[in-house]
Ligand code: AMP
C-alpha cells in the first residue's frame, strides 16, 4: 500500500494506476476505522481494480460546540486496517492540505440539508457535501462507497452527484451492527459502560417501528410512535427525533411505504448517536 498526504502525490499515484487501465474505487472516511468502514473497503476491493481510501476529519462538518477536537484519531491503526483490506492508495491529508484557507466557495444543500440532522446540526450536511465534492474531484473514482448508517448524508451525496453531474457511481453498503444491534460507529467509543449497555435501544426502537409497519400499519405517526414507545422505556436516553421520511428528500410522508427511512437520533450522556432502518 502506498500512503500519501498531498494532492500532488495522490494525483501522481492515480495517474500511474489509470495508465495501467485500472477501475478506481474510493472509500472516504474520517478514520478510527471499524467494522462498518471495513465492509466498505471490502466491497471496493471486490468490485474495483484500484482501491483508494481517505482518512480526513473534516472541520467543515463540525459545529462550534461539537466534538472536532476530541474525535477519535488513530493514524497507525487506520493504516494497518487499510493495508489489511488490500487498499492500494491511502490518502491522509492534513487540515492545511485540504483547506489551506476556509473555502470561499462551498456546496450548499437545500431543504434536504435542513431536515433531521440538518436541523440539529446546522451546516453539517453542507460541510459533508463540500468535502465529498473535493475528494471526488481529487480521486476521480468510477465508484465511491458510502454506508446506509448515515442515510441522510448518503441522500445528500446522491443528490449532489445527480444535480451537479458528477461522473461517479455512488454505491451504498448496508449498516454493520454489533451482535446486540447497535450500529457500529466511531462515536461508540465515547459511551460509558452503562451507556453502551443501553445504546441498543435505538435499534430495538427502529425494529419496533418497522414491525408495526410490517403488521399492516400505514399511518407514519403510528409507526414513529411504536419506536418512540420503546425509546421511552430506556432511562438516560434523550431522543432528539424519530421520523419516517422518504429516502431522497428526507421529507415527511403521508403514508408509510416500503423504501421509506425510519431514522432516529438520541443522546446518551454526552454522546449523540444516529441510526435508521428502511421499511420493507
Ligand atoms: P465516517 O468515518 O463516520 O465519516 O464514515 C465513513 C463511511 O463509513 C460513511 O460512508 C459511513 O456511512 C460509513 N459507515 C460508518 N459506520 C458504518 C456502519 N456501521 N455500517 C456501514 N457503514 C458505515
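The values are calculated or read from the model by the stated rules, or taken from the named source; none is laboratory data. Note that the coordinates shown come from a computational prediction; the quantities given were computed from them, not determined experimentally. Cβ atoms come from the backbone with ideal geometry, glycine included; neighbour counts cover every protein chain shown.
Give 53, 44, 13 a once-over and let me know the one that is within 11 Å of the ligand (Cβ to nearest atom), at pLDDT 95 or above and over 21 Å from residue 106 (Cα atoms).
On inspection, the qualifying residue turns out to be 53.
Does at least one position in segment 67-86 carry a residue that is more than 23 Å from residue 184 (Cβ to Cβ), surrounded by 17 or more Cβ atoms within 10 Å (Cβ to Cβ) and in contact with a helix residue (DSSP H, G or I) (Cβ under 8 Å, 6 or more places away or on another chain)?
No, there is no match, as no residue in segment 67-86 is more than 23 Å from residue 184 (Cβ to Cβ), surrounded by 17 or more Cβ atoms within 10 Å (Cβ to Cβ) and in contact with a helix residue (DSSP H, G or I) (Cβ under 8 Å, 6 or more places away or on another chain).
Can you name the residue in segment 177-194 that is in a loop (DSSP other than H, G, I, E, B) and under 12 Å from the mean Cα position of the chain (by Cα) and, of all such residues, is nearest to the ligand (Cβ to nearest atom)?
184
Which is within 21 Å of residue 275 (Cβ to Cβ), within 14 Å of the ligand (Cβ to nearest atom) and modelled with pLDDT of 95 or more, of 131, 171, 223?
Checking each option against the conditions leaves just 171.
Going by the conditions given, is residue 100 touching a helix residue (DSSP H, G or I) at 6+ places or on another chain (Cβ under 9 Å) and either at pLDDT below 95 or outside any helix (DSSP H, G or I) (or both)?
Working: touching a helix residue (DSSP H, G or I) at 6+ places or on another chain (Cβ under 9 Å): no; either at pLDDT below 95 or outside any helix (DSSP H, G or I) (or both): yes.
No; evaluated as a whole, the condition is false for this residue.
Name the strands (runs of 3 or more DSSP E) wholly inside segment 1-97 in which the number of residues that are under 30 Å from residue 118 (Cβ atoms) and in contact with a strand residue (DSSP E or B) (Cβ under 8 Å, 6 or more places away or on another chain) is 3 or more.
Correct list: 24-29, 50-55.
Per-residue answers, yes or no, for (1) farther than 19 Å from residue 52 by Cα; (2) surrounded by 15 or more Cβ atoms within 10 Å (Cβ to Cβ):
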site	(1), (2)
112	yes, yes
122	yes, no
127	yes, yes
131	no, yes
136	no, yes
139	no, yes
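With respect to residue 155, is the statement that it is buried (at least 16 other Cβ atoms within 10 Å of the Cβ) and closer than 21 Å to residue 11 by Cβ true?
So residue 155 does not fit the description; no.
Scan (1) within 25 Å of residue 177 (Cβ to Cβ); (2) away from the ligand (no atom under 13 Å from the Cβ) for the single condition residue 24 breaks and write down its number.
Condition (1) is where residue 24 drops out.
Can you say whether residue 143 is closer than 29 Å to residue 19 by Cβ, within 14 Å of the ligand (Cβ to nearest atom) and surrounded by fewer than 19 Cβ atoms within 10 Å (Cβ to Cβ), as far as the supplied structure shows?
It is true that residue 143 is closer than 29 Å to residue 19 by Cβ, within 14 Å of the ligand (Cβ to nearest atom) and surrounded by fewer than 19 Cβ atoms within 10 Å (Cβ to Cβ).
May I ask you to verify whether residue 63 is under 24 Å from residue 176 (Cβ atoms) and within 16 Å of the ligand (Cβ to nearest atom)?
The answer is no for residue 63.
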